[in-house]
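*Asks:* Sending over a structure as structure tokens; questions will come in a sec.
The values are calculated or read from the model by the stated rules, or taken from the named source; none is laboratory data. Predicted, not measured: the structure shown is a model, and the values here were computed from it. All Cβ positions, glycine included, derive from the backbone under ideal geometry; neighbour counts span all protein chains shown. Keep in mind that these areas ignore ligands, DNA and RNA; they rest on the heavy atoms of the full protein, side chains included. Shrake-Rupley method; radii C 1.70, N 1.55, O 1.52, S 1.80 Å.
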Amino acid sequence: MASAASRQAYRERGIARGRAPLLGAAGALAIAAGCALAGCRSSSSKSEQSPKGDPAGTGEPAAARPPAVPFKVAFNTWLGYSPLVLAKEKGFLKEAGLDVEFSILESIGEKNSALLRGAIDAVGHTADSAVTSASAGVDGQVVYVFDLSNGADGILARRSIKGIPDFKGQKVALEPGFTGHFFFLSLLSEAGLTPADVTIVPMDTGSAGSAFAAGQVEAAVTWEPWIGKTKAMKDAHVVVTSADRPGLIVDVLYMNRATIQKRPEDVKAMVLAMGRAVDWYNDHTAEGDEIIARFWKLPLPEEKETVAGIKFMSLPRNAEFFGTESAPGQLLDTVRRANDVWLKAGITKKPVDPASVIDFASVNRAAKEKR
């Protein structure tokens, strides 16, 4: 397990372990100059041609196609988005004829602004953040689920707080508008409690863990290493983690609806490439971990620790999680819950149609083609 000092160094390098809070620091950080994928739509490479020199096998020279219009995708610094990173690094996007450019935008406000301007085509989000973006007027849809949190997020409390109903009247440290806030409010709702039944002590997610350890609050919504540290605390325990509520915290690719409508075949190809990347990672985990650690500038042990708390979603699992418009899967339930939770908490002011935030077609078309 990475030390607290390692976590702090990670944060100070601008690679904070977590999803973007609703209100973050302004400013975009480019990952690297020229980090666009080099996969133009070209048939000039001999390795990509048929034995007779062209894709159709006619014996005639293949006509060069124009370069692909780049997809511009922004992430906050969280390695849950790594299926797209792996699809780039292993050349799966290039083989699909796609060109993708990455950039870093840390806050939801920055992401929304870039999407509204048309400066980017898509962002790495959580499902609940897709709701806040849609409520803010960003006309987009979820086209892919990268991963689901499997213990990477959790709620710590004094041992006198045995379950969620016991949080009534307690002080809870968390980051308002952040995914952990959604997780906590969802659990309160399940227990018949409202936000007014607890006292929220606002602070960033890492500081929430340290505040709990220092005895400043009765509970905290946080992540590792604080979840693991509770084992050494006499009067502390983990009440619940994301592993106990699978599918509630999920990382997604949220794309402008205009892009989806203009480039449906390319969106499908990107989904296929990401599914291929997850399959490859499952068969080559050690190499995959090295690629992920290098891309996100993480020590390998810390990368492994973080990956252990999530589950990358395969294409078949995506198709199941999305379902169809007529028979939706769990994703719709998560989006619907986020819409309700954020409205009640006052984080969003305008409700959204949960089904309208999901692009059921791209994943299902990709899954059908894979079969």
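*Asks:* Give, as a single signed number, the net charge of other residues whose beta carbon lies under 9 Å from the beta carbon of E218, with Lys and Arg counted +1 and Asp and Glu -1.
*Replies:* In short, +2.
*Asks:* For the range 144-227, what is the Kirkwood hydrodynamic radius in Å, using each pair of distinct C-alpha atoms?
*Replies:* 12.8 Å
*Asks:* Select from T334, G309, A319 the residue farthest towards the positive end of the dipole of the range 218-355; place +1 on Cβ of Lys and Arg, -1 on Cβ of Asp and Glu, and compute about the Cα centre.
*Replies:* So the residue furthest toward the plus end is T334.
*Asks:* Could I ask something else about it? Roughly how many percent of the accessible protein surface of the range 271-331 is carbon and sulfur, given a 1.4 Å probe and a whole-percent answer?
*Replies:* On the way: 1420 of 2700 Å².
Within the range 271-331, the accessible surface is 52 percent carbon and sulfur.
*Asks:* Here is a further query. Percent of accessible area on the range 102-180 owned by carbon and sulfur, 1.4 Å probe?
*Replies:* 48 percent
*Asks:* Amide H to amide H under 5 Å from N150: which residues, 5+ apart in sequence or cross-chain, H placed 1.01 Å off N in plane?
*Replies:* I310, K311
*Asks:* Highest first, please rank the peptides 180-186, 288-294, 122-128, 206-212 by the mean number of other Cβ atoms sitting within 10 Å of their residues.
*Replies:* Put in order of decreasing packing, that is 122-128, 180-186, 206-212, 288-294.
*Asks:* Starting from 0.36 nm per residue, how many nanometres of slack lie between K162 and L343 once their C-alpha separation is accounted for?
*Replies:* Computed gain between K162 and L343 is 62.4 nm.
*Asks:* Accessible area per residue of the range 302-357 at 1.4 Å probe, in Å²?
*Replies:* 47 Å²
*Asks:* Under 5 Å between amide hydrogens, which residues at least 5 positions from V100 or on another chain qualify, with H placed 1.01 Å from N in the peptide plane?
*Replies:* L37, G39, F71
*Asks:* Using +1 on the beta carbon of Lys and Arg, -1 on that of Asp and Glu, and nothing else charged, what's the dipole of the range 110-236 about the Cα centre, debye to 20?
*Replies:* It works out to roughly 520 debye.
*Asks:* Quick one: grab the alpha carbon gyration tensor of the range 282-371, order the square roots of its eigenvalues as a ≥ b ≥ c, and give me rounded if a/c is under 1.5, else prolate or oblate depending on whether a/b is larger than b/c.
*Replies:* It comes out oblate by the Cα gyration axes.
*Asks:* Would you pull out the residues with amide H under 5 Å of G140's amide H, same chain only if 5 or more places away, H placed 1.01 Å from N?
*Replies:* Amide H neighbours of G140: R257.
*Asks:* Something else: Would you compute the Debye intensity of the range 227-271 from its alpha-carbon atoms alone, equal scatterers and no solvent, and pass along log10 I(q)/I(0) at q = 0.20, 0.26, 0.27, 0.32 Å⁻¹ to two decimals?
*Replies:* Ignoring solvent entirely, the Cα scatterers give -0.76, -0.93, -0.95, -1.08.
*Asks:* Express the accessible area of the range 145-214 per residue in Å², computed with a 1.4 Å probe while the remaining protein chains stay in the model. Before the final figure, lay out the partial values.
*Replies:* Numbers: 2340 Å² over 70 residues.
Using a 1.4 Å probe on heavy atoms only, each residue of the range 145-214 averages 33 Å².
*Asks:* Can you give the relative contact order of the range 257-332 as a percent, counting alpha carbon pairs under 8 Å and 6+ residues apart?
*Replies:* Details: 34 pairs, mean separation 19.3, N = 76.
Answer for the range 257-332 is 25 percent.
*Asks:* If you plug each phi of the range 193-198 into the Karplus form 6.51 cos²θ - 1.76 cosθ + 1.60 with θ = phi - 60°, what whole-Hz ³J(HN,Hα) values come out, in order, with x for Gly and Pro?
*Replies:* 9, 10, x, 6, 7, 10
*Asks:* I would also like to ask the following. Going by the alpha-carbon gyration tensor, a ≥ b ≥ c the square roots of its eigenvalues, is the range 212-371 rounded (a/c under 1.5) or, if a/c is not under 1.5, prolate (a/b greater than b/c) versus oblate? Let's see the in-between values first.
*Replies:* Numbers: a/c = 2.38, a/b = 1.31, b/c = 1.81.
It comes out oblate by the Cα gyration axes.
*Asks:* Using θ = phi - 60° and the Karplus curve 6.51 cos²θ - 1.76 cosθ + 1.60, what whole-Hz ³J(HN,Hα) does each residue of the range 345-354 get, with Gly and Pro shown as x?
*Replies:* Per-residue couplings from phi come out as 7, x, 5, 10, 10, 10, x, 10, 7, x Hz.
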